[in-house]
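The values are calculated or read from the model by the stated rules, or taken from the named source; none is laboratory data. Treat the numbers as computed from the prediction; the structure is a model and nothing was measured. Please note: Cβ atoms are built from the backbone with ideal geometry, for glycine as well, and neighbour counts cover all protein chains shown. For accessibility, only protein heavy atoms count, side chains too; no ligands or nucleic acids. Shrake-Rupley method; radii C 1.70, N 1.55, O 1.52, S 1.80 Å.
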Amino acid sequence: CRADGDPGGRSGMRLKIEPGAVVAASLVYFFSDWTEITATAAAIAVHELGHLAALRAFRLNVCSIRAELSGMCISYRGEGGTAANIIAAAAGPLMGLLYALTASRVNAATGEAWFALSSGISCILSLFNLLPIMPLDGGRILSEILTAICGETRAARASLAAGTVLSAVLFAWGVWCLAVRRDITVYAAGAWLLVLQLKDLSQA
């Protein structure tokens, strides 16, 4: 999930679904059951609501919400400043972690396995999004901090370099997990992020 500052643009919020997001959703539907799908959907919804609540608190106007292959993208207008942008980016993972804790306690009280599953998914999603790699929320936070320190151009280069290195490390770890543990999760996440970084490098 990511939030893009957009000082211009038309008024009114628009929802757009890119073809890549449709393909990703189709794969999730094919390989998952309804319990996993609804548990994941709940975690994602809470995450995005965290971003939207923070943007509203800072009186930033949401222009559009786009579902892309690289994730959910919230475009907004307004001059909230560095602190507002950082808080808006961090609000999603923080809300997700709070939801994970709440769902875990509901599971402990009721024994309902759905809450345990949704709690685990939300926790993993939140921690993953805090990685300092674009276009994740952690990457947005790093970019805002670097921009405030050394300017937009240098910050963009530094963020891309850091993201590429970290994505390569994650991908290498994923290859090991795939070979030794037969676990494709880390491999898929690392490959996805590395492809995005290489795409940005080719356009830089």
Fill in: Neighbours by Cβ (under 9 Å, 6+ apart or cross-chain): first from region 62-78, more than 10 Å from residue 17 (Cα to Cα); second modelled with pLDDT of 85 or more and acidic (Asp, Glu)
74/48
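Restricting to region 3-36, name every residue that is of a type in the set (Val, Ile, Thr) and modelled with pLDDT under 90. First the steps, then the outcome.
Start the filter on region 3-36 by keeping residues that are of a type in the set (Val, Ile, Thr), which leaves 17, 22-23, 28, 35.
Of everything in region 3-36, those that are of a type in the set (Val, Ile, Thr) and modelled with pLDDT under 90 turn out to be 17, 22, 23, 28.
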Worksheet entry | Candidates 105, 140 - the one that is within 22 Å of residue 45 (Cα to Cα) and touching a Lys or Arg at 6+ places or on another chain (Cβ under 7 Å) | 140
Worksheet item: Residue check: is residue 76 among the hydroxyl-bearing types (Ser, Thr, Tyr), at pLDDT below 95, in contact with a helix residue (DSSP H, G or I) (Cβ under 9 Å, 6 or more places away or on another chain) and surrounded by 19 or more Cβ atoms within 10 Å (Cβ to Cβ)?
Response: yes
Response to the item:
Within region 157-168, of all residues that are in contact (Cβ under 8 Å) with a residue 12 or more places away in the chain and open to solvent by 60 Å² or more (accessible area, probe 1.4 Å), the one farthest from the chain's Cα centre (by Cα) is 157
Discussion item. So in region 113-146, with the set limited to residues that are part of a loop (DSSP other than H, G, I, E, B) and open to solvent by 40 Å² or more (accessible area, probe 1.4 Å), which one is nearest to residue 92 (Cα to Cα)?
Written reply: 130
Discussion item. Can you pull out every residue in region 179-204 that is open to solvent by 60 Å² or more (accessible area, probe 1.4 Å) and hydrophobic (A, V, I, L, M, F, W, C)?
Written reply: 179, 180, 184, 192, 195, 198, 201, 204
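Just to be sure, is residue 133 closer than 23 Å to residue 43 by Cβ and either of a type in the set (Asp, Glu) or in contact (Cβ under 8 Å) with a residue 40 or more places away in the chain (or both)?
Working: closer than 23 Å to residue 43 by Cβ: yes; either of a type in the set (Asp, Glu) or in contact (Cβ under 8 Å) with a residue 40 or more places away in the chain (or both): yes.
For residue 133, the condition - closer than 23 Å to residue 43 by Cβ and either of a type in the set (Asp, Glu) or in contact (Cβ under 8 Å) with a residue 40 or more places away in the chain (or both) - is met.
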